[in-house]
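Structure first, then comments.
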Amino acid sequence: MNVQEGKCIKLALQRLKQHKKRNIFTIIILTILLICILFINMIYYSIQQYTNSIENSIELRKIYSIRYLPEQYDSLKEKIEKIEHVEMCVGQAEKRVFAVKECAQFKFAEADGTIELGVVNNKICPEVVKGRKLTEDDFNSIIIPSKIYANSEAVDIDNPISDEEYIKGDTLLNKDIEIQFKTDENKIYTKSFKVVGIFDSDKYQNTSMPYITEQTAKKINEEIDYSPNEYYMEIVVDKFENIEEVEDELYKEKIISNDRIISEAQDDSEVGNTQEVNFATTTNISVQTQRIIEKIMLYMLIIIIVILIAILLVTNINKSYISKTKIAILKVEGYTNKEIQRITIFENIIVFLISILLAFIGFEILKFIMNYILNYLLQSDILNNMNLTTKTIGITAEEEIKEQIFYLLKIPQKINWIFISLITVILLFIDIINTYFINKRILNKNIASILK
């Protein structure tokens, strides 16, 4: 920084004091809008990153409850797997809801070891962080999550699970675990599996769900002589966003039916039928809901940025015309047009930088207050005392709200620093350019014209 620039900055600081009231008002407005940008960006980016990271979960890419007749299974499976984006079909023989699936190695004081098993093949299998994935030849192998809390009862929202209460999956790598199944005749069937891989449970959102192969599941069903009354199929789609497209194809092919095409089906018992195709949730906050929140936040972000730009433009115009006398005085004192431009631009930059600093402080305070309120609502009886109810599903609304708060607090709160930096640079650039051209129109006039 040369002497000339130092002198311009000093004069800019003096002008800040001279126009104290006006600058304080500008700083307050800019700070509030910048806090809004930071806060909305945090919500938008955090949910976006969280949703993107867990959409790899196999359970979130499933279309459930496609009903079929056993003799139709092979032809139906072949037909479905020809549909674009379909990666796997699992029938009732390969997967069933066992009465009890209890693993002794997953038991501890807080958890009873009851689990649900997922079925995968060599094509559809979670990426492992330790060990290896399952292959077609794996009949007695299993991959398990990195964190395991196997319990038959739902998570207690009022007393969230701490990290110490999870069993660490990597401690069981390359070891044998025993899972007990209860048959329809209430007999106990025990199966031993070797843990060959560990996958990231946070990424796949199946904290207590280990995976076995289709062949292993089918063999277990045969050995326990499982005979279902109804047969249902599950379809795994390659990406979450392609589920709707696959569903449309299933409707077109009359593999699944709804009220719109049910009259066209010759025999409802011979065609897949589902009332609930896919309502998979992301830790009880639906992915669809998260995507809607993302869009709302994005639109709000755009609106606030546009308002902020408009305020910067109007403020600069106002400041420049109000300061015409000061500009004329600077010209009388012998300052060149270039130096006057620098002084006014530096003044605006300082105001903007003060606003950014205050915005970051305000954002951290607002974030702390938000988390405090959410934690307070989670731990207090305020919601319970409101006697909220939902007629549709017959459970108290406060339980749903508490559950949403619990999972919202679990989402990592992140800011997209690249976006924030880019927006800051763009806003500052607009501020400087706008100030420059407004001042230029004034400075091109003589002193008498400026003072008119």
*For segment 128-133, just list the computed ³J(HN,Hα) in residue order, Karplus coefficients 6.51, -1.76 and 1.60, θ = phi - 60°, integers in Hz, with x standing in for Gly and Pro.*
8, 9, 9, x, 9, 7
*Leaving out ligands, DNA and RNA, what percent of the accessible area of segment 21-148 is carbon and sulfur, probe 1.4 Å?*
54 percent
*For segment 206-258, which semi-axes, largest first and in whole Å, follow from the square roots of 5 times the eigenvalues of its Cα gyration tensor?*
27, 18, 9
_Treating only the Cα positions of segment 119-221 as identical point scatterers, give the base-10 log of I(q)/I(0) from the Debye formula at each q in 0.11, 0.17, 0.20, 0.23 Å⁻¹._
-0.36, -0.82, -1.06, -1.26
*Please list the non-local residues whose amide H lies under 5 Å from the amide H of Asp138, H modeled 1.01 Å from N, same-chain partners needing a gap of 5 or more.*
none
*Normalised by the number of residues in segment 155-253, what is the relative contact order in percent for Cα pairs under 8 Å and 6+ residues apart?*
18 percent
*With no solvent and one equal point scatterer per Cα, compute the Debye intensity ratio I(q)/I(0) for segment 74-140 at 0.13, 0.22, 0.26, 0.29 Å⁻¹ and report its log10, rounded to two decimals.*
-0.56, -1.14, -1.23, -1.25
*asked:* Applying a 10 Å radius around every beta-carbon, put 144-150, 189-195, 224-230 in order of their mean neighbour count, most first.
replied: 144-150, 189-195, 224-230
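The values are calculated or read from the model by the stated rules, or taken from the named source; none is laboratory data. Since the structure is predicted, the reported quantities are computational estimates derived from the model, not experimental observations. Here the Cβ is made from the backbone with ideal geometry for all residues, glycine too, and neighbour counts use every protein chain on show. We work out accessible area using only protein heavy atoms, side chains counted, and drop any ligands, DNA or RNA first. Shrake-Rupley method; radii C 1.70, N 1.55, O 1.52, S 1.80 Å.
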